[in-house]
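Enquirer: Starting off with a structure, shown below.
The values are calculated or read from the model by the stated rules, or taken from the named source; none is laboratory data. Predicted model only: the values in this text are computed from it and were never measured. Note: ideal-geometry Cβ built from the backbone for every residue, glycine included; neighbour counts use all protein chains shown.
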Amino acid sequence: MEPLHAPWRIKYILGPKPAPADASLFTQIAQSNDDEGNYVVARERNCYAVLNRYPYAGGHVLVVPYKQTANLNDLTEEELTDLMKLVRRCQNALIETMKPDGFNIGLNLGRVAGAGIVDHLHFHIVPRWNGDTNFMPVLGNTTVVPEALSEVAARLRTALSSHAH
């Protein structure tokens, strides 16, 4: 049996866990100036795009409104439009940089629907490749991500900045 090594996860496992905050993780990232450290790949007027730190697949991007809400009805027409435009831009940047065969794009509203951060809605953009689901998720309850987040973030930032709006 071959061991699977994921040394970057030990920081999370052993690291201090922050006390619950009034602001969601996404609001904290939105207010931070450390885009590189937070893997933010694009910022727009009403939303931003960030790599998922614990991705389902390489290139898994989240598009998040600055407004912290769990409900689409709380967003203005402009905020909704900006969200969808950034989803499209991120999809195009992923096509350019990672050449996936398809995508899962969507959002989970509510814990029962699978939302990990219930109080701040966000779109998932997950690139998919033919044959990318093998035995690991089934037998090992594990995903294998072949590229470091910092490298993916740098490539996406470049692609997104060259195709602004």
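Enquirer: L149 versus (1) within 16 Å of the chain's Cα centre (by Cα); (2) more than 22 Å from T27 (Cβ to Cβ); (3) at pLDDT below 80: which is the lone unmet condition?
Expert: So L149 meets the others, but not (2).
Enquirer: Sticking with this one: Could you tell me which numbered condition F103 fails, if it satisfies all but one of (1) touching a Pro at 6+ places or on another chain (Cβ under 7 Å); (2) of a type outside the set (G, A, S); (3) free of Cβ contacts under 8 Å to residues at least 24 places away in the same chain?
Expert: Going through the list (1) touching a Pro at 6+ places or on another chain (Cβ under 7 Å); (2) of a type outside the set (G, A, S); (3) free of Cβ contacts under 8 Å to residues at least 24 places away in the same chain, F103 breaks only (3).
Enquirer: Go over the candidates A57, A42, A93, A30 one by one and state the one that is surrounded by 18 or more Cβ atoms within 10 Å (Cβ to Cβ), out of contact with any His (no Cβ under 6 Å at 6 or more places or on another chain) and part of a strand (DSSP E or B).
Expert: Of A57, A42, A93, A30, the one residue that is surrounded by 18 or more Cβ atoms within 10 Å (Cβ to Cβ), out of contact with any His (no Cβ under 6 Å at 6 or more places or on another chain) and part of a strand (DSSP E or B) is A42.
Enquirer: Then there's this: Being more than 19 Å from A153 (Cα to Cα), modelled with pLDDT under 95 and of a type outside the set (K, R), is that true of even one residue in segment 45-61?
Expert: no
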